[in-house]
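**Student:** Take this structure first; my questions come after.
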Amino acid sequence: MPAVLGADLEVPVKGGRLVGYANLDYAASAPCLEPVSAAVTAALPAYSSVHRGAGYASQLTTARYEQARHTVRAFVGARPDDAVIFTRNTTDATNLLAGCLPAGTTTVVFDTEHHASLLPWKNSVRLAPPAFPGEAVRAADEALAAIDGPKLLVVTAASNVTGELWPIAALAHIAHRHGARILVDAAQLVPHRPLNLTALGLDYVAFSGHKLYAPFGAGVLVGRRDWLAEGEPYLKGGGAVRSVGDDTEWHDDPEPRHEAGTPNVLGAIALAAACDALTATGWTALVREEERLIARLRSGLASIEGVRELSLWGDEHPRVGIVSFTVDGYSAREVAEALSSEYGIGVRDGKFCAHPFVRHLLGRSDGGCEDGTASAVRASIGIGTTEEHVDRLVEALRELVAR
Ligand SMILES: Cc1ncc(COP(=O)(O)O)c(C=O)c1O
């Protein structure tokens, strides 16, 4: 396994003692992998402008930036003619695509989505959380059949709330049967599982570097060129234009068209280094270790009376290393604060930018960000998580419940 930076971070707990930090908040932002940090450090001495400089350092930096694009393309198994556009993050990527949809496009989206995939669409049909995976496919089928004109199905590959995996291959198949396209939000999938856009028949995927052990501010949108080549340039400025006179002639290659201004070169290099590091480690080893730890965590949680795991499709449904839960008698904020201040454990609490979904799982009809009663605690793991972190969380919750 590659090393993560901060594995030896110590944090203060009540009483002033220092303890090793148990970072169980990977789904929000994962720590930096050592090879990612090394790649950024190696690129810095020659850091220079990209695309428009004649100097050697500019050429080298441009080559590194474009190499990063190739690496990301290979990492997601994109088709040779797919566009690979660097963005700030997943939210930026979904918004970019939303601005490029052909006039009159209807988007179909489940209420289970993260807000980044739920909100950017001008004209969307929202589907209720499906009771089982086959119901997701059936509901998408019915909704897409009822729409005339261009259509886009938007779905997350792995839920940021429950970690559950969605049937994206079947959904892609259904989308295409209705002449629709599919965008997969892979923000929570790519840190945990391989993704092959071509094999799955996906039209677009989006994800963020900071959840993929590359916290340098880059994300990516990968997918079919035509809508992106015709859509309004996402940012207007230098780099996106061929010529400016009385009329402006925009690039119709999606990459320059949507990447105006000086891009986040170091972010792109970091993202590519993370892709390389995960590929070099091998998915078999990564998945095996994650499954071992998440099984240990889930069985620990299940053994504590009053701790309830949230799940859409049941205990047995496959999932990545993300678990959300509630603790009887405590608000999610109280649990998260106690875990931090007494045990040195970092988790997330709230509705995880998925308000409709979390309300559904909690059986609530109301409650926004500030409503701590309609919230849950989320623990999430990845490279660098240890058995001790998992056991510390379980024992801390056992103690909290026993108070
Ligand atoms: C499934 C999913 N989609 C999108 C996002 C948004 O990612 P970002 O904040 O990097 O834009 C997140 C972040 O939590 C997520 O979990």
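**Student:** If R242 satisfies all but one of (1) within 24 Å of Y65 (Cβ to Cβ); (2) modelled with pLDDT under 95; (3) out of contact with any strand residue (DSSP E or B) (no Cβ under 6 Å at 6 or more places or on another chain), what's the number of the condition it fails?
**Tutor:** Exception for R242: condition (3).
**Student:** A follow-up question, please. With surrounded by fewer than 20 Cβ atoms within 10 Å (Cβ to Cβ), at pLDDT 95 or above, at negative phi and within 16 Å of the ligand (Cβ to nearest atom) as the only criterion, which of L119, L96 stands out?
**Tutor:** L119
Every residue, every condition in (1) away from the ligand (no atom under 11 Å from the Cβ); (2) within 19 Å of P35 (Cα to Cα); (3) polar (S, T, N, Q), yes or no:
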{"position": "L189", "(1), (2), (3)": "no, no, no"}
{"position": "G209", "(1), (2), (3)": "no, yes, no"}
{"position": "L212", "(1), (2), (3)": "no, yes, no"}
{"position": "R225", "(1), (2), (3)": "yes, no, no"}
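**Student:** Go through the range 206-233 and give me each residue that's farther than 23 Å from G53 by Cβ and of a type in the set (F, W, Y).
**Tutor:** Across the range 206-233, the qualifying residues are F207, Y213, W227.
**Student:** Take T248 and tell me if it is farther than 15 Å from H70 by Cα, of a type outside the set (F, W, Y) and at pLDDT below 95.
**Tutor:** Spelling it out, T248 is indeed farther than 15 Å from H70 by Cα, of a type outside the set (F, W, Y) and at pLDDT below 95.
**Student:** Let me ask something else about it. Of G344, G363, which residue is of a type outside the set (S, T, Y) and buried (at least 19 other Cβ atoms within 10 Å of the Cβ)?
**Tutor:** G344
**Student:** Would you kindly identify the helices (runs of 4 or more DSSP H) lying entirely within the range 198-302 that contain at least 2 residues that are in contact with a helix residue (DSSP H, G or I) (Cβ under 6 Å, 6 or more places away or on another chain) and hydrophobic (A, V, I, L, M, F, W, C)?
**Tutor:** So the answer is 225-230, 265-281, 283-302.
**Student:** Confirm whether G20 is small (G, A, S), more than 16 Å from the ligand (Cβ to nearest atom), surrounded by fewer than 15 Cβ atoms within 10 Å (Cβ to Cβ) and over 23 Å from the mean Cα position of the chain (by Cα).
**Tutor:** So G20 does not fit the description; no.
**Student:** How many residues does the range 77-110 hold that are closer than 22 Å to I269 by Cβ and either in contact with a Ser or Thr (Cβ under 9 Å, 6 or more places away or on another chain) or in a helix (DSSP H, G or I) (or both)?
**Tutor:** The qualifying residues number 11.
**Student:** Follow-up. Determine if the range 61-69 includes at least one residue that is within 16 Å of the ligand (Cβ to nearest atom) and within 23 Å of the chain's Cα centre (by Cα).
**Tutor:** no
**Student:** Another question about this same structure. I need a count of the residues in the range 339-385 that are touching a residue at least 40 places away in the same chain (Cβ under 8 Å) and in a loop (DSSP other than H, G, I, E, B).
**Tutor:** The qualifying residues number 11.
**Student:** Further, regarding this structure: Do we find a residue being over 28 Å from D276 (Cα atoms) and charged (D, E, K, R) anywhere in the range 210-225?
**Tutor:** Among the residues of the range 210-225, not one is over 28 Å from D276 (Cα atoms) and charged (D, E, K, R), which makes the answer no.
**Student:** So, one more: Could you grab me the full set of residues in the range 127-172 that are more than 16 Å from the ligand (Cβ to nearest atom), crowded, with 18+ Cβ neighbours inside 10 Å and among the small types (G, A, S)?
**Tutor:** A139, A140, A143, A172
**Student:** Among L221, L195, L202, which is the only one that is surrounded by 24 or more Cβ atoms within 10 Å (Cβ to Cβ), under 15 Å from the mean Cα position of the chain (by Cα), on the phi < 0 side of the Ramachandran plot and more than 10 Å from the ligand (Cβ to nearest atom)?
**Tutor:** Within the list L221, L195, L202, the selection yields L221.
**Student:** Could you list all residues from the range 122-149 that are outside any helix (DSSP H, G or I) and among the hydrophobic types (A, V, I, L, M, F, W, C)?
**Tutor:** V125, L127, A128, A131, F132, A146, I147
The values are calculated or read from the model by the stated rules, or taken from the named source; none is laboratory data. Here the structure is a predicted model, which is why all the values come from computation and not from measurement. Reconstructed Cβ throughout: ideal geometry from the backbone, glycine too, with neighbour counts over all protein chains shown.
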